[in-house]
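Before any comments, here is the structure.
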Amino acid sequence: ALFRRLRAMGVVEVLHDCNGGNEEIDTELIARVARLAAAHGLELHSWLLVMLCNRRDIKDAHRDWYCVSRKGINCLDEPPHAAWCNFLCPTSSGARAWIRSLVWTLA
């Protein structure tokens, strides 16, 4: 019903938040949303929040993937802005490889 109303209002593209940085990607949900969008003549764009990563499994297994302040403090121990600000470090090869695998999951 929502996609039908959007299309009737002239909307031609929609943005879908895949994970919000906190949960695993539900590829079945994304496929379902993509089919619904296509059925209503809408182009779907998926937004994947990857540098903000609050997934417990990743935090527990890969502390070394997270940003460290210039004081040497891991953001898991002292988040820079708020308690939910746990950012992966872009220079971490492990974090980059994991992000690539997430993107390929969606491709």
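Beyond 13 Å, the tail of the calculated P(r) for the stretch 1-69 holds 69 percent of the Cα pairs. In the chain, the sites counted are trypsin sites (Lys or Arg not before Pro) in DSSP loop states with at most 13 other Cβ atoms within 10 Å, and the longest stretch holding none of them, exclusive of the sites, is 1-69. Rounded to the nearest 20 debye, the dipole size of the chain about its Cα centre is 220 debye, using +1 on the Cβ of Lys and Arg and -1 on the Cβ of Asp and Glu.
Computed with a 1.4 Å probe on the full set of protein chains, the accessible area for residue 89 sits at about 30 Å². In this calculation the C-beta distance from residue 7 to residue 32 is compared with R0 = 22 Å, giving a FRET efficiency of 0.80.
Of 24, 13, the residue with the largest accessible area leads and the full order is 24, 13 (1.4 Å probe).
Scaling the Cα radius of gyration of the stretch 29-104 by the globular reference 2.2 N^0.38 Å produces a ratio of 1.41. Taking amide H positions as modeled 1.01 Å from N, with prolines and chain starts lacking one, the residues under 5 Å from residue 16 and 5 or more places away or on another chain are 45, 46, 47.
The values are calculated or read from the model by the stated rules, or taken from the named source; none is laboratory data. None of these values were measured; they are calculated from a predicted model. Please note: Cβ atoms are built from the backbone with ideal geometry, for glycine as well, and neighbour counts cover all protein chains shown. In case anyone asks, the SASA skips ligands and DNA or RNA and just uses the protein heavy atoms, side chains included. Shrake-Rupley method; radii C 1.70, N 1.55, O 1.52, S 1.80 Å.
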